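Remarks on the structure that follows.
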């Protein structure tokens, strides 16, 4: 799905109604995706559906964007920023494209396109030129990174710590195997990380941080797999050890607090 970049004071829900160049940019980028055989989601249609069904629970633009992305079901969203430049030597359009993985927010591709300067006020044509100048390179980079995610999984971070009142530490030997907790966590991560791919940033008696745990793009039923689902599996693992925990997810980082 392709969405417009929103500057401070602008409303994502109305910005396209007042700017034809942004509508053209989104359409041209969507066409480039379609030409590559991608299944695309129409941002305007999703926005209208969300408005008609009163889905928005906040006026915060970050929340609005997140809600539209979530309801779209898109694996990737592309943010398009269109800037008009007027000068005595000619007018031009500057187009900034950034692709993000929807579930983690990780960047997949970044490109800046220029229309070149022309003595014209037809910014629609300039926008088209700027989009066409970078669309293929942009998609090539995005496709390479997305293919890697499909094959090797996407990255999340897992930060495990203890509440101040907790009597448990990483060195505590936990039933039923009576191994130190840190070892049991790593054994579980080895089995449950996608293709056993994970990395430990560091371990102390009070904290254990995994800075690159791979999780699959899709679950066994073909539905999107996200950090929330992986956090639930971690939660169930600690419950199996009779440990009470709290979980929190911010972006692509899962925070687990052992009570």
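Of all residues in region 155-167, how many are buried (at least 17 other Cβ atoms within 10 Å of the Cβ) and either out of contact with any strand residue (DSSP E or B) (no Cβ under 6 Å at 6 or more places or on another chain) or at pLDDT 95 or above (or both)?
At the first step, the residues of region 155-167 found to be buried (at least 17 other Cβ atoms within 10 Å of the Cβ) are 155-160, 162.
Narrowing further to those that are either out of contact with any strand residue (DSSP E or B) (no Cβ under 6 Å at 6 or more places or on another chain) or at pLDDT 95 or above (or both): 158-160, 162.
Going through region 155-167 one residue at a time, the tally reaches 4.
Name the one entry in 157, 196 that is touching a helix residue (DSSP H, G or I) at 6+ places or on another chain (Cβ under 8 Å) and farther than 24 Å from residue 91 by Cα.
Details: 157 fails: touching a helix residue (DSSP H, G or I) at 6+ places or on another chain (Cβ under 8 Å).
Testing whether each residue is touching a helix residue (DSSP H, G or I) at 6+ places or on another chain (Cβ under 8 Å) and farther than 24 Å from residue 91 by Cα leaves just 196.
Which is in contact (Cβ under 8 Å) with a residue 60 or more places away in the chain, more than 23 Å from residue 9 (Cα to Cα) and touching a strand residue (DSSP E or B) at 6+ places or on another chain (Cβ under 7 Å), of 74, 130? Don't jump to the end; show me each part of the working.
Numbers: 74 fails: touching a strand residue (DSSP E or B) at 6+ places or on another chain (Cβ under 7 Å).
So the residue among 74, 130 that is in contact (Cβ under 8 Å) with a residue 60 or more places away in the chain, more than 23 Å from residue 9 (Cα to Cα) and touching a strand residue (DSSP E or B) at 6+ places or on another chain (Cβ under 7 Å) is 130.
Return the residues of region 1-18 that are part of a loop (DSSP other than H, G, I, E, B) and surrounded by fewer than 14 Cβ atoms within 10 Å (Cβ to Cβ); say none if nothing qualifies. Talk me through it step by step, then tell me what you get.
So in region 1-18, the residues part of a loop (DSSP other than H, G, I, E, B) come out as 1, 5-14.
Listed by number, the residues that qualify are 7, 8, 9, 11, 14.
Look at region 140-154 and say how many of its residues are at pLDDT 90 or above and either loosely packed, with under 14 Cβ neighbours inside 10 Å or touching a helix residue (DSSP H, G or I) at 6+ places or on another chain (Cβ under 6 Å) (or both).
5
Answer with yes or no whether residue 37 is under 21 Å from residue 223 (Cα atoms) and over 18 Å from the mean Cα position of the chain (by Cα). Walk me through it before giving the result.
Values: under 21 Å from residue 223 (Cα atoms): yes; over 18 Å from the mean Cα position of the chain (by Cα): yes.
Against the criterion (under 21 Å from residue 223 (Cα atoms) and over 18 Å from the mean Cα position of the chain (by Cα)), residue 37 qualifies.
For residue 210, only one of the following conditions fails: (1) surrounded by 13 or more Cβ atoms within 10 Å (Cβ to Cβ); (2) more than 30 Å from residue 66 (Cα to Cα). What is its number?
(2)
Suppose the filter is over 30 Å from residue 73 (Cα atoms) and either surrounded by fewer than 13 Cβ atoms within 10 Å (Cβ to Cβ) or in contact with a strand residue (DSSP E or B) (Cβ under 6 Å, 6 or more places away or on another chain) (or both); does residue 172 pass it?
Values: over 30 Å from residue 73 (Cα atoms): yes; either surrounded by fewer than 13 Cβ atoms within 10 Å (Cβ to Cβ) or in contact with a strand residue (DSSP E or B) (Cβ under 6 Å, 6 or more places away or on another chain) (or both): no.
Taking the combined requirement at face value, the residue does not satisfy it.
The values are calculated or read from the model by the stated rules, or taken from the named source; none is laboratory data. Note that the structure is predicted; figures quoted are calculated from it, not measured. All Cβ positions, even for glycine, are placed from backbone atoms using ideal geometry, and neighbour counts span all protein chains on display.
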